[in-house]
Amino acid sequence: MASWCYCLVYLLVPAPPVGPGEVVETADGVCKFPGQHLTWWQAQEACEQRFGHLALAPPAGALALRLSNPIWVGQKEGSLRRAPKRRALTSAALVFGERTADRVARLRSPLPALGALTACAHVQWDAASPDPAALFSLAAPALPNALQLRAFAEPGGAVHAALVVRGHHGPFLAAFRADGRWHHVCATWEQRGGRWTLFADGRRRAGARGLGAGHPVPAGGILVLGQDQDSLGGGFSARDAFSGNLTDFHLWARALSPAELRRARACAPPAVGLLFRWDLRALDVTPSLLPPLRVRLLCPVPSEECPTWNPGSRTEGSSLCLQPRPFFCCYRTETYQRLQAAPSWPGQDVISRVNALANTTVLLPGPLSEVHGHLSPAEACSFLGILERVLAKEAAPLGPAALLAIIHFLKRVTALGAGEPDPLTGPWEQLSQGVVSVASLVLEEQLAGTWLSVNEVVGGPMALVASVQRLAPMLSTVLTSERPGLRIQRHGAGPATQPRLIPGLEVRSLHLEEASREGCVFMMPRGHPEGPGHIRIPAGEVKQLLRKGLSGVTVIHSWFSSSIFQHTLGEPGLEPQAPDSSEEASKTQRFLSTRVGSAIISSEVWDETGEVSTAVTFHLKHQAQAFPLRLVQPVCAFWNFSISPDTGGSWATAGCSVAALYEASTACFCNHSTNFAVLLQVYDVQRSAEEESLLRTLSFVGCGVSFCALATTFLLFLAAGVSKSERATVHKNLTFSLASAEGFLMASEWAKANKVACVAVTAVMHLLFLVAFSWMLVEGLLLWSKVVVVSMRPGPRMALYYTTGWGVPAAIVAVTLVLSPHDYVAAGHCWLNVHADIIWAFVGPVLFVLTANTCILVRVVMVTVASARRRARMLSPRPCLQEQVRIQTWAMVKPVLVLLPVLGLTWLVGVLVHLSPAWAYAAVGLNSFQGPYIFLVYAAYNGEVRSALQRMTEKKATEAFTVASHPRSLGPWEVAQDSPAALAPARRHLALRGTHSPRIPTTFSSIAEPERPAVELTAFKVSGEAPVGTRAVAAPLRSSDSAFVSAEWVARDEVRGSEGCQPRSLTRQPPPFLKASGHQVFFERN
């Protein structure tokens, strides 16, 4: 019952509306409600300033119940990302030339009494007419100056306008520039309070109260265009005549709202209260104004509709883009969490210093903080100057918090000129200079790390490029016939003083007739019109613009060059544009990544209706030499802001192609204008099909040989009954795991057809190869304990060795399979996916083992060389230099040759296989030789294995001899009587005690020079009492092999030196650095 009541209350009580600043979670991330009502473009700009975007999907669930009005939603394709364009409207215009009294147009119908009115017109004022003139006048019976709009042009300045009501004159105020262009002018008046306003080009220029308050315009009024009426419908004079052109005049019997005035400016006048719509047939026009001139008006399009979502009907729809509506700014959850944490990021000291110098909050500690107060252009210029000075003096790289705050501030500044900037209210050139200077400072190469830390939050450095390019509409307003072009760069930065290309922006007016012969060429600093560093609008494109009826356009170029773009704008997933798309080429080249290889250059063409797309060619230097030993393919690309609005856009190649390739530069053609760069696609040059086949065959044969050798070694260890020492156990595990891994490797080709079998074989090979390398590490650790630290005492180390050899690899394989089951196996063969991070589950441990064993081998060689040097010094206090070099060289080379295979160091060559096919063949050969080499060292020439085999052979021979000598079975007493020798003590076999025997070499390393004293790779014990006058030979231990290093001391009566060395007699006593402890001989540590 209680739950039912709660549900009823929930249904009956309306949900509270969404409050300003409230944050709500959605299925796609997090959305914040700013609480503002803005146009679609303003809403999009507001979200971009906060590093977010308009909601791309309609709200769902409880959030939808809390909304009462339609809200703006974004577009993933971004077709409405730019401010509204202007549309062309052809209209009849009256040309008021010279100031004469006979140029008049009068409305035929008298006007009713007017308590309020609005008059709007498109005007082209004659800048050479400095005297005040009446644009229109309204006279009533007994009231000739009922209402009129007067103006005059200030040469080189602005047109000042004033409203006159019932003879009361308002002040002259600047309305628009005296530039000879068409401007939209509106005046509103109400008798209630005498309120009046003056609008020009959609902006409120002036307004006040008390002008003709309480008195309506009487009925029967006459409207006249271009003259002041000194009497009802007459009294014209040349002094008050208008000079210029006029069209699209409308009159309403009410005061229009600002939104309605914007519609009127857009050539879509509201119909409510409309008294006169522009129509020459409703006017009496003097013959001197005929015929009218057909003109092309440029009106912003109010009918363009933007996407909305209606919470009432729960449907998506559309609405006029200029209509203010609420909206949500949305983020990915990770991005919003990082933005929330921005106040705690490093870099707050720079923020505090700038705010202290400005004595206000210029840089916000966090981009999600609310901005208070309005930023004027003059204030922005001052703050930019402070920011530039602080950044220029900053020695340490900026922290991420400061960089985020600076980008946020630059977005606010460039938004001041969004839409159509007012040339009368803003110092746009100084503002643009400050923005470009600050942008140059934050694109310094030492800030690459900081950019990487905020790259996903701000959308990368291209967000800064977009902010700089938004300055172009501001700068275009300051262009004149005397100053047709303007270039903006950082103060004091130029090609002669800076080694790096400084970012910049250029805006210039282009006369199409003049450019139709050779086209329009823009050069970056240090660029060449026929070489790298330029962008060109071809002459054919200029002629196309002429055929569209255009006479002049504004061309905007910008350029950026910084290693920050190379670090942050790589595109690993960009579709490869291979130079040769044949199947054979794809087999020999493997795509790795895409990098930005050149400067970023842009070209935009604007007429008065908006942006005009034109084809361009550009030629840029690139840095292919930065990728040695790789195939680098230049690709012509452009940055598309409409792709992935969450990340600020992406590179695209549609419509662009390579025109010419040079050694250090590339020429491109693109069928549109935007931001361009030359990308470098990096390929790994793979082997040809013949090489792959040969390497596959050699690998299979080598694996087979190595497998047979390792399997034989393992079986010999088992069959020969080698004692269960630490070393023997390590050797058995190493040979078993390595043989098993190579066996599965040979069988992996047959498992490709079955996916489950392929995954299983891959996992087993992954495990066995890791086990083999782990036991190689154990070999190194055991070698360290026996040679470097000289510890022969047994200890509980085998448990640690088994954990390292089998436990750790098993854990690595299990974790890898759990974390990445789908990316585990490569496509086309049964092994780990080398194109994913999964490969590091094998490469990482292998590199660790090889590094550790390399260090161990270096230390062992050092001990061996030191021992050889001491021995040589004892045997011959003054040995010759050649003898010293020979002894020490052999003492260095011998352990390296013997220990390289067992420590796995031959696998180091595998790291170099991508450099050249020769390294691939070397890797196959060395790794195939690992098995046979281990067999030779640890089986064929191992004293312990050979002794065990000799024991087995002699035992079998003795048994065979016993059976042949005694064919019948006798009792023990009979044997004692018939064979007294049987009662004698049994003789020991010499082989069992390791005495010198010509049939069995003591060690593999003693084969090289048995007569020379050397440091041998085996541990020794004294074999017993040697007869006087014979050599005392250090015989191998029972578990000896060539994986360990000790000393063999050979005493002889005379040692013959090489040329220049005198023979000398040697004592038969062992050297002092050897001590006998029982039957063991060890190094004595100094």
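Can you tell me how many residues within the range 230-264 are touching a residue at least 60 places away in the same chain (Cβ under 8 Å) and either in contact with a helix residue (DSSP H, G or I) (Cβ under 9 Å, 6 or more places away or on another chain) or assigned to a strand (DSSP E or B) (or both)? First the steps, then the outcome.
Applying the first criterion (touching a residue at least 60 places away in the same chain (Cβ under 8 Å)) to the range 230-264 yields 230-233, 235-256, 259, 261-262, 264.
From what's left, either in contact with a helix residue (DSSP H, G or I) (Cβ under 9 Å, 6 or more places away or on another chain) or assigned to a strand (DSSP E or B) (or both): 230-231, 244-252, 256.
Selection size over the range 230-264: 12.
Would you mind telling me which numbered condition in (1) at pLDDT below 75; (2) of a type outside the set (S, T, N, Q); (3) more than 28 Å from the chain's Cα centre (by Cα) Leu592 fails?
(3)
Run down Leu734, Leu716, Leu767, Leu781 and say which single residue is in contact (Cβ under 8 Å) with a residue 40 or more places away in the chain and more than 27 Å from Val860 (Cβ to Cβ).
When all the criteria are applied, what remains is Leu767.
Looking for something free of Cβ contacts under 8 Å to residues at least 60 places away in the same chain and crowded, with 16+ Cβ neighbours inside 10 Å - is there at least one such residue anywhere in the range 528-540?
The answer is no; no qualifying residue exists.
Would you mind telling me which numbered condition in (1) surrounded by fewer than 20 Cβ atoms within 10 Å (Cβ to Cβ); (2) assigned to a helix (DSSP H, G or I); (3) modelled with pLDDT of 85 or more Ala415 fails?
Tallying (1) surrounded by fewer than 20 Cβ atoms within 10 Å (Cβ to Cβ); (2) assigned to a helix (DSSP H, G or I); (3) modelled with pLDDT of 85 or more, Ala415 fails exactly one: (3).
If only one of Leu410, Leu404, Leu447 is at pLDDT below 90 and either assigned to a helix (DSSP H, G or I) or more than 21 Å from the chain's Cα centre (by Cα) (or both), which one is it?
Working: Leu410 fails: at pLDDT below 90; Leu404 fails: at pLDDT below 90.
Every option except Leu447 fails the conditions.
Taking only pairs six or more apart or across chains, which ones have beta-carbon atoms under 9 Å, a first residue in the range 584-613 that is of a type in the set (Val, Ile, Thr) and surrounded by fewer than 20 Cβ atoms within 10 Å (Cβ to Cβ), and a second residue that is in a strand (DSSP E or B) and modelled with pLDDT of 85 or more?
Correct list of pairs: Val612/Val553; Val612/Glu604; Val612/Val605.
Would it be correct to say that Pro270 is open to solvent by less than 40 Å² (accessible area, probe 1.4 Å), assigned to a loop (DSSP other than H, G, I, E, B) and either within 29 Å of Val458 (Cα to Cα) or out of contact with any Phe, Trp or Tyr (no Cβ under 6 Å at 6 or more places or on another chain) (or both)? Reasoning before the result, please.
Values: open to solvent by less than 40 Å² (accessible area, probe 1.4 Å): yes; assigned to a loop (DSSP other than H, G, I, E, B): yes; either within 29 Å of Val458 (Cα to Cα) or out of contact with any Phe, Trp or Tyr (no Cβ under 6 Å at 6 or more places or on another chain) (or both): yes.
For Pro270, the condition - open to solvent by less than 40 Å² (accessible area, probe 1.4 Å), assigned to a loop (DSSP other than H, G, I, E, B) and either within 29 Å of Val458 (Cα to Cα) or out of contact with any Phe, Trp or Tyr (no Cβ under 6 Å at 6 or more places or on another chain) (or both) - is met.
Mind checking which residues of the range 301-341 are in a loop (DSSP other than H, G, I, E, B), among the charged types (D, E, K, R) and either within 34 Å of the chain's Cα centre (by Cα) or surrounded by 20 or more Cβ atoms within 10 Å (Cβ to Cβ) (or both)? Lay out the reasoning, then the answer.
Kept after step one, since they are in a loop (DSSP other than H, G, I, E, B), are these residues of the range 301-341: 301-304, 311-314, 321-324, 326, 328, 332, 341.
Then drop every residue that is not among the charged types (D, E, K, R), which leaves 304, 314, 332.
Within the range 301-341, Arg332 is the sole residue that qualifies.
So which pairs qualify, if the first residue must be in the range 863-875 and more than 16 Å from Leu783 (Cβ to Cβ) and touching a residue at least 12 places away in the same chain (Cβ under 8 Å), the second must be open to solvent by less than 20 Å² (accessible area, probe 1.4 Å) and among the β-branched types (Val, Ile, Thr), the Cβ gap must be under 6 Å, and the two must be at least 6 apart or on different chains?
Within 6 Å, the pairs are Ala868/Val1015.
Can Ala200 be described as closer than 19 Å to Leu107 by Cβ and modelled with pLDDT of 90 or more?
Details: closer than 19 Å to Leu107 by Cβ: no; modelled with pLDDT of 90 or more: yes.
In short, no.
Could you please find all residues in the range 453-463 being assigned to a helix (DSSP H, G or I) and within 14 Å of Val596 (Cβ to Cβ)? If you could, list the steps in order and put the result at the bottom.
Just the residues of the range 453-463 that are assigned to a helix (DSSP H, G or I), to begin with: 453-458, 462-463.
Of everything in the range 453-463, those that are assigned to a helix (DSSP H, G or I) and within 14 Å of Val596 (Cβ to Cβ) turn out to be Asn455, Met462.
Here are some conditions: (1) over 30 Å from Leu631 (Cβ atoms); (2) at pLDDT below 85. Leu695 meets all but one. Which one does it not meet?
The failed condition is (1).
Return the residue satisfying two criteria in turn: it lies in the range 171-205 and is open to solvent by 10 Å² or more (accessible area, probe 1.4 Å) and of a type in the set (Gly, Ala, Ser), and of such residues it is farthest from Ala134 (Cα to Cα).
Ranking the qualifying residues of the range 171-205, first place goes to Gly193.
Can you tell me which residue within the range 279-300, out of those that are within 56 Å of the chain's Cα centre (by Cα) and open to solvent by less than 70 Å² (accessible area, probe 1.4 Å), is farthest from Gly233 (Cα to Cα)?
Here the answer is Pro300.
The values are calculated or read from the model by the stated rules, or taken from the named source; none is laboratory data. Being a predicted model, the structure only gives us computed values, none of them experimental. No Cβ is skipped: glycine too gets one built from the backbone with ideal geometry, and neighbour counts run over all protein chains shown. Remember, those area values only see protein heavy atoms, side chains included, never the ligands or the DNA or RNA. Shrake-Rupley method; radii C 1.70, N 1.55, O 1.52, S 1.80 Å.
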